[in-house]
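Contents: one structure, followed by commentary.
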Amino acid sequence: MRKVILIVAILTLTASLYAVEYRYIETDHTRIIFNEPDKQYALQLAAFADEVYLNLSSYLSYQVKEKIPVVLASGPAWSNGYYTTFPSAIFLYLTSPEDRFLGARTTSWLRTVFVHELTHYLHLTANVGPAKLLGFLGPGVNAFNTIFMPGWWVEGIAVHTESKFAIGGRGDSLPFALKYQAAMAESNMWSLREGAYNGPFAPTSRIYVTGYLMLDYLIRTYGVDAFTQINQKFTAFPFFGLSHAFKVVTGHTPQELFTFALDEKKESFEQIQAKIISVPGQGNSYLPSPTAIGLLGLVDSPYKGVGIYRYAEGEGPKQLLNLPLDGRSSISFGNTKALYSVYWIDSADSANLPTASVGYSDLYLLDLESLKSERLTEKMKLVHPSISNDGERMIASEINGSWYDLVEIAKDGTSTVLMSEPETSILDASLNSDGSSIVAISLKNGNSSLIELDRAGHRTTLVGPTQDDLRAPRFNDDGSILFVGDGNGKEFSLYQYDPATGAALRLFSDPQGMFASRFIDNSLMYESYSSQGFILKEVRLDQLYDEKAEFSSPIEISADTISLSAIPDYKFHDSLKLNLVLPYPFLESSQFQPGIWFHSLSQLRKQSLVGSIGYSIPGNLPVADLTYQRVGGNYALQISALVNTYQASISQYISSGEVAVKLPVSHKLNIDHTFNMSVQPAIVGLYSEGDWVAGGMLSLGGTFASTDYRDSDFFGVEHFQVVAGAQSLMASGQSGPSFEFYSSLSSQRRIDSSSFMMSAKLDMVASLT
């Protein structure tokens with residue numbers, strides 16, 4: 001037992017030594033919390049944080065007395081931002097979205113995502129309705145109203161403000177608009193009730209689209225005061241929904257306003273005479289590439305997951321293998337090899353936060369004949385890979401704070417920076433056949449440029465900068481370059497740049513979108529959008545036209561300035577904050593006893609203390625059930641205690657306690673599965689009326705989990721888990737300790753190729769006595 005106690009103490013102390021230190025700076029209205037290497041981004045946010053707050057608080061008619069906590073996280077290799085309760089805070093991932101889901105005209109990712117999440121903070125922390133009356137229960141009580149709000153009401157106002165108070169929000173994004181335009185054109189629009197939640201089918205971000213349509217129409221028609229009045233009337237008695245509040249303020253129900261909003265957006269799309277060649281049904285089919293084994297492309301199906309498919313004349317697309325990929329830009333095909341990137345989370349990193357895990361995006365090389373993969377890089381953040389047709393040169397975009405550099409990847413996995421510019425992202429890079437030239441999209445201050453780099457690294461700007469959304473450049477066999485652009489947010493068109501003349505021509509347009517294209521044989525194949533996801537279309541070459549290309553002028557912006565020397569930073573202490581206290585009657589021998597339940601959590605979510613405290617009237621004793629947890633990035637500590645718990649079977653009051661630590665031992669990513677192993681030592685003790693039992697436990701567990709995930713896998717992925725351990729217990733009056741050994745095996749397997757799962761579990765215990 002002493003050895004187990006020593007192990008617990010040493011492991012906890014050792015892990016805590018590697019804990020990441022956080023610091024903070026303050027503005028008039030915010031407290032920005034960050035890891036030391038990210039201070040430059042904290043200062044960037046500080047430059048506009050108060051301005052954004054004053055604009056939004058005035059617009060939404062709600063002010064906050066306390067400084068708003070904003071936590072910056074650079075660990076993840078993907079973009080995100082969110083508002084959380086218990087305690088209320090804003091979390092912002094520094095990485096901007098590589099798929100530009102906000103649109104390419106976003107001049108500042110941090111500003112746009114901050115506007116969105118600050119809107120949630122002001123909207124959802126307002127003490128109105130029952131939350132105002134119950135405010136004495138703790139600051140977390142304002143979350144009460146949120147559970148009655150449909151998703152479109154929560155997200156709609158935030159999408160509206162991100163479009164009004166920042167440049168390039170979703171309201172200004174043509175790909176975002178196509179999600180409802182395509183559904184209406186195909187008479188496949190979802191209802192307002194269906195717009196209250198997200199789902200596995202297109203568009204998966206339905207609450208954002210529905211919310212923008214509703215709130216944008218409401219505010220433009222009735223003014224922002226209508227939103228405030230509806231919110232106040234709804235939260236005064238939120239139990240029966242928004243309909244009554246809408247009717248009182250506007251004279252119409254939400255369903256009627258949704259119909260009005262859709263009628264306003266209706267457009268008669270020109271029907272393009274094109275052949276659809278993609279996999280039918282729900283899912284996304286991305287532009288294929290010619291290879292030595294045929295025409296290969298990526299397909300993302302909610303039923304079958306993400307896989308590589310082969311397209312053959314006269315046959316339907318055939319799936320070759322599944323891969324854990326994320327969208328069109330995660331793979332590039334050469335003649336005999338493909339280069340792809342895979343996201344993964346490093347559970348053993350000491351910089352992990354419970355709400356922001358450290359993650360990476362590494363590259364793999366796939367042999368197209370054997371369909372075997374080889375890992376190239378380790379713990380890098382690489383996206384948008386590209387491989388030359390001969391397989392001799394590989395490039396990718398590497399995350400650099402909020403932006404992306406262009407790098408070259410050697411066959412041994414090392415990288416060399418090809419292009420890095422301040423506050424600039426280089427994305428969508430593509431190599432010509434022999435790898436001697438690179439074409440890419442440069443994004444800066446919300447403007448796009450089509451650029452070319454030769455083997456010596458000399459850069460030439462071919463098109464732009466322009467506020468038009470330029471995407472997906474590719475070399476043709478004749479040396480010309482195909483790319484798409486959104487024509488100032490009105491319609492995506494296909495363009496061709498001729499290096500010989502230095503001129504760009506507009507070749508084709510599809511009102512339902514063009515996101516990537518290439519010439520294959522005697523036709524043009526391109527990605528478009530439908531109500532079921534991205535689809536592939538094919539048109540004849542004689543349907544193309546040569547028009548002089550015209551691009552919009554660039555966005556002119558002024559940089560945010562602030563005196564950096566005037567903002568000192570301080571060490572941040574992640575202390576517990578009380579969120580909620582509720583009356584909690586204990587049940588003992590069929591009698592209710594007085595007590596309270598409470599919840600406390602630290603700002604970074606690394607510490608929590610949750611429990612109940614009361615008094616046993618029959619036993620004339622205090623009673624408690626307490627659990628403290630600390631998550632230190634690469635370890636977890638839990639201390640739990642039960643005080644004077646009545647056990648009816650022995651008619652006694654028992655007190656017990658446990659201290660446990662969980663530490664990762666191994667984390668491995670293979671292309672078809674992940675493996676995680678952890679060790680968990682613990683000490684336990686029980687006491688009752690002079691008798692005691694004390695001991696220690698040590699367990700080791702490992703999990704193999706498949707990377708083959710489908711959106712319809714509601715029960716999770718296939719996995720196999722094994723846990724083995726031993727415990728030693730010593731009781732009062734006992735001559736020596738007893739020893740028990742235990743193990744657990746569990747498995748979940750997919751039934752055929754469906755998303756139905758079969759699970760089985762076996763638990764075993766053995767005692768030396």
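Worth pointing out:
- Portion, in percent, of the accessible area of the stretch 263-336 that falls on carbon or sulfur, probe 1.4 Å: 45
- Cα-based equivalent ellipsoid, the stretch 328-445: semi-axes from gyration tensor eigenvalues, Å: 24, 20, 11
- Tilt relative to the chain, helix 2-17 - C-alpha long axis, 0 to 90 degrees, to 10: 40
- W153, W344, ranked by accessible area, largest first (probe 1.4 Å): W344, W153
- The length gained by stretching the chain between Y303 and W78 to full extension, at 0.36 nm per residue less their Cα-Cα distance, is 78.6 nm.
- Tensor-based shape of the stretch 54-118 (alpha-carbon gyration tensor, a/c under 1.5 rounded, otherwise prolate or oblate): oblate
- Each distinct pair of alpha carbons in the stretch 97-146 adds a 1/r term; the inverse of their mean, the Kirkwood radius, is 12.8 Å.
- P(r) weight above 29 Å for the stretch 121-270, C-alpha pairs, percent: 18
- One way to sum up the overall shape of the stretch 109-204 is the equivalent ellipsoid from its Cα gyration tensor, whose semi-axes run 30, 19, 9 Å, largest first.
- Solvent exposure of the stretch 363-417 amounts to 40 Å² per residue of accessible area, where only protein heavy atoms count and the probe is 1.4 Å.
- R0 of 56 Å, Cβ-Cβ distance A726-K132: FRET efficiency to nearest 0.05: 0.55
- Label reach from T221 (point 7 Å along Cα→C-beta): in the stretch 256-293, amide nitrogens under 20 Å belong to 256-268.
- About its Cα centre, the chain has a charge dipole of approximately 1820 debye under the convention of +1 per Lys or Arg Cβ and -1 per Asp or Glu Cβ, with nothing else charged.
- Vicinal HN-Hα couplings computed from phi for the stretch 644-656 (Karplus, 6.51 cos²θ - 1.76 cosθ + 1.60; Hz; Gly/Pro x): 6, 7, 7, 10, 5, 5, 10, 6, 9, 9, 10, 10, 9
- Computed with a 1.4 Å probe over protein heavy atoms only, the accessible area of Y208 comes to about 50 Å².
- Packing-based ranking of 174-180, 475-481 yields 174-180, 475-481, ordered from highest to lowest mean Cβ neighbour count within 10 Å.
- G81 long-range amide H proximity, modeled H, under 5 Å: Y93
- What the pair-distance distribution of the stretch 667-720 shows, using all Cα-Cα distances binned every 5 Å from zero, is 5, 15, 17, 12, 12, 9, 8, 8, 7, 5, 3, 0 percent.
- The chain: calculated mean residue ellipticity at 222 nm from DSSP helix runs of at least 4, using -39500 (n - 2.57): -5500 deg cm²/dmol
- Taking only the C-alpha atoms of the stretch 70-162, Rg followed by Dmax gives 14.7, 46 Å.
- Approximating the spin labels as points 7 Å out from Cα along Cα→Cβ, the L54-to-M677 distance works out to 5.9 nm.
- Protein heavy-atom surface of the stretch 626-769, 1.4 angstrom probe: 62% of the accessible area is carbon and sulfur, with nucleic acids and ligands not counted.
- Taking 7 Å steps out from each Cα toward its Cβ at Y615 and K266 produces label points 6.9 nm apart.
- The charge dipole of the stretch 583-669, taken about its Cα centre with unit charges on the Cβ atoms of Lys, Arg (+1), Asp and Glu (-1) only, comes to about 520 debye.
- The stretch 181-222 - accessible surface per residue (Å², probe 1.4 Å): 41
- With a cut-off of 14 Å between beta carbons, the residues surrounding L418 carry a summed charge of -3, where Lys and Arg count +1 and Asp and Glu -1.
- Farthest positive-ward along the stretch 360-416 dipole, Cα basis, beta-carbon charges - from G401, N389, Y364: G401
- Cα-derived Rg to Rh of the stretch 264-352, Kirkwood definition: 1.10
- Taking amide hydrogens as placed 1.01 Å from N in the peptide plane, the amide H of Y646 sits under 5 Å from those of I654, each at least 5 positions away in sequence or on another chain.
- Sequentially through the stretch 452-467, phi angles give Karplus couplings (6.51, -1.76, 1.60; θ = phi - 60°) of 10, 10, 8, 4, 7, x, 6, 9, 10, 8, 8, 9, x, x, 9, 6 Hz, Gly and Pro residues having no value and appearing as x.
- Cβ-defined net charge surrounding P317, 15 Å radius [Lys, Arg +1; Asp, Glu -1]: 0
- Fully extended contour minus Cα-Cα distance, from A503 to A641, at 0.36 nm per residue: 42.2 nm
- Here the simple spin-label model places points 7 Å from the Cα toward Cβ, and for D569 and S738 these points are separated by 5.5 nm.
- Between the residues S699, L729, Q319, the greatest Cα displacement towards the positive end of the dipole of the chain, with unit charges on the Cβ of Lys, Arg, Asp and Glu, is found for L729.
- Per residue, the convex hull spanned by the Cα atoms of the stretch 246-313 measures out at 148 cubic angstrom.
- Look at the alpha carbon pairs under 8 Å that are at least 6 residues apart: their mean separation over the length of the stretch 206-314 gives a relative contact order of 14 percent.
- Only Cα pairs under 8 Å and 6+ residues apart enter the sum, and on that basis the relative contact order of the chain stands at 11 percent.
- With the Kirkwood sum run over all distinct C-alpha pairs, the chain has a hydrodynamic radius of 29.2 Å.
- Look at the alpha carbon pairs under 8 Å that are at least 6 residues apart: their mean separation over the length of the stretch 324-376 gives a relative contact order of 31 percent.
- Whole-Hz ³J(HN,Hα) from phi, Karplus 6.51 cos²θ - 1.76 cosθ + 1.60, for the stretch 184-193, glycine and proline x: 5, 5, 9, 6, 10, 6, 7, 8, 5, 5
The values are calculated or read from the model by the stated rules, or taken from the named source; none is laboratory data. All of these numbers come straight from a predicted model, not from anything done at the bench. Reconstructed Cβ throughout: ideal geometry from the backbone, glycine too, with neighbour counts over all protein chains shown. Heavy atoms of the whole protein, side chains included, go into the accessibility calculation; ligands, DNA and RNA do not. Shrake-Rupley method; radii C 1.70, N 1.55, O 1.52, S 1.80 Å.
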